[in-house]
1. Within 10 Å of each Cβ of B:169-176, how many other protein chain Cβ atoms are there on average?
2. What does the accessible area of A:MET6 come to, in Å² to the nearest 10, when a probe of 1.4 Å is used?
3. What FRET efficiency, computed as 1/(1 + (r/R0)^6) with R0 = 30 Å and r the Cβ-Cβ distance, is obtained for A:ALA68 and A:ASN165, rounded to the nearest 0.05?
4. From the convex hull of the Cα coordinates of the protein assembly as shown, what is the mean projected area in square nanometres?
5. A plus B alone minus the pair: what accessible area, both sides summed, probe 1.4 Å, in Å² to 100?
6. What are the nm distances, shortest first, from B:ASP225 to its equivalents in the other copies, labels at 7 Å along Cα→Cβ?
7. Rolling a 1.4 Å sphere over the protein heavy atoms, what is the accessible area per residue of the range B:3-66, to the nearest Å²?
8. Calculate the spin-label point distance for B:GLU177 paired with A:ASN30, positioning each point 7 Å from the Cα along the beta-carbon direction, and give it in nanometres.
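The values are calculated or read from the model by the stated rules, or taken from the named source; none is laboratory data. These figures come from a predicted structure and were not determined experimentally. Ideal geometry is used to build each Cβ from the backbone, glycine not excepted, and the neighbour counts take in all protein chains shown. We work out accessible area using only protein heavy atoms, side chains counted, and drop any ligands, DNA or RNA first. Shrake-Rupley method; radii C 1.70, N 1.55, O 1.52, S 1.80 Å.
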There are 2 protein chains.
Amino acid sequence: MNKYEMIAQDLEKMIMDGVYQEDELLPSENELVTRYKVSRSTVRQALKTLEENGWIQRKHGLGSIVIARDRLNFPITGLTSYKELQHYLGFDSLTEVVTFEKRIVDSSLAELTHFPQGVPVLHILRRRKIDGEFIVLDRDYLLYAYAEGLSKSQAADSIYDYLENERHLEIAYAQKEITIDFINEHDRQWLELATGDRHIVSVKSHVFLSDNTLFQYTESRHQVDKFSFTELARRQKR
Amino acid sequence: MNKYEMIAQDLEKMIMDGVYQEDELLPSENELVTRYKVSRSTVRQALKTLEENGWIQRKHGLGSIVIARDRLNFPITGLTSYKELQHYLGFDSLTEVVTFEKRIVDSSLAELTHFPQGVPVLHILRRRKIDGEFIVLDRDYLLYAYAEGLSKSQAADSIYDYLENERHLEIAYAQKEITIDFINEHDRQWLELATGDRHIVSVKSHVFLSDNTLFQYTESRHQVDKFSFTELARRQKR
DNA sequence: GAGTGGTCTAGACCACTGT
DNA sequence: CAGTGGTCTAGACCACTCG
């Protein structure tokens, strides 16, 4: 592990442990330089990491202020996967793999996923039970060249575990879109929906690797009254 | 303007102009060092900015790859304000200020906004017409100490213009939450809703200044079939 | 004015990608 | 292998905040 990651982790832990509390200042950069015996750039990179992850707000001439983190408002942003979410929430949950098949991208699937026509993909449909109710329906299309070797039971666990830890793929970013759609026959078939609802929340994502190849298209459909999306948004300059 | 901002802006413009196209590589860091006659750190800071703003994906040993930016999928993320959004979209739009009043935070408002009880706030209710229909209902509570001096006509224009350009407030970040709520009487009173809908999209935000003071609470209510939220999410390490 | 973070330099070594 | 970006150092000057 790098020096700046070590320092960032150390400070993060101290914030979680309450050594530095909400609205308080972290030690100054120079103080951290002498404390950790590193250069100022390294300290600054550690602080930058903490800022990006929503732990602190830095202010010129003042210092690094600890941000109040709502422990219930975990951020879904940052491509956190379903399993990680469950871990945060601590809910009882269960995943059932409904479909698990190889498919060739045809013209209509190409339009939806933006994969080129003719390439093989792994098509996975899963439904998720949280606290006894089937609430989420996930449909994934993964580039077969990378997802090959994934088993059905691993799909019920966590796809990203396999991709990152076994295949060492670097997932870099995703373009996400949240809309409210009408309920369709698939939703009715696989989810336990509240009667009277016409709508469902749809989260569509195009996921890219660090070499910029599109490798996954996902649509996640959530029952409206169980859906919540939270994020910490930073103000863009210019 | 700083050197790294100049360089970032220059490269951004060249990407927009098609000098560097999607999936192509930007010049290497060393090339940019000689081209702009600056140190490598400065070049790297410029590239970091481009990466954060979703223009490029950097990859170790390879270079900086230009990301395909969907011109239709503008990001709402990053605290973009309503007026800026309209500018991007190019839609005809109109804002009507329904309520504009000073209020003192009581216990129930304190719970909602997280402002301390007893402080004065500016309460603004606005409805927004886009392409001839009232679609969005915005309710704002702003710390009166900062919003004092804001006029009703400025509220119809852009609150952030006033706050940032006239009051020089540094808006730093916002904690946002998106949920689907039941339609209430206010929605019915001020919006033109599709018949049969029971739900509405609610986007609640707590907005903070760079010195970490909470200064705004906003709830924005959107007709379900007109709502779309898009963002570029980067994978968190660890 | 003393202390803070923001920008910038010139250099070094390492880890990773391509061919 | 040559070339790329990632980490790290030791220094300098500047802009900002606060008492």
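1. The mean count of partner-chain Cβ atoms within 10 Å per residue comes to 6.
2. Ignoring ligands and nucleic acids, A:MET6 comes out at about 110 Å².
3. Details: r = 33 Å, r/R0 = 1.11.
About 0.35, to the nearest 0.05.
4. Working: hull surface 99.4 nm².
That works out to 24.9 nm².
5. On the way: alone 14530 and 14570 Å², together 24040 Å².
Accessible area lost upon association: around 5100 Å².
6. In nanometres, ordered from closest: 2.3.
7. On the way: 3610 Å² over 64 residues.
The answer is 56 Å² per residue.
8. According to this spin-label approximation, the distance is 4.2 nm.
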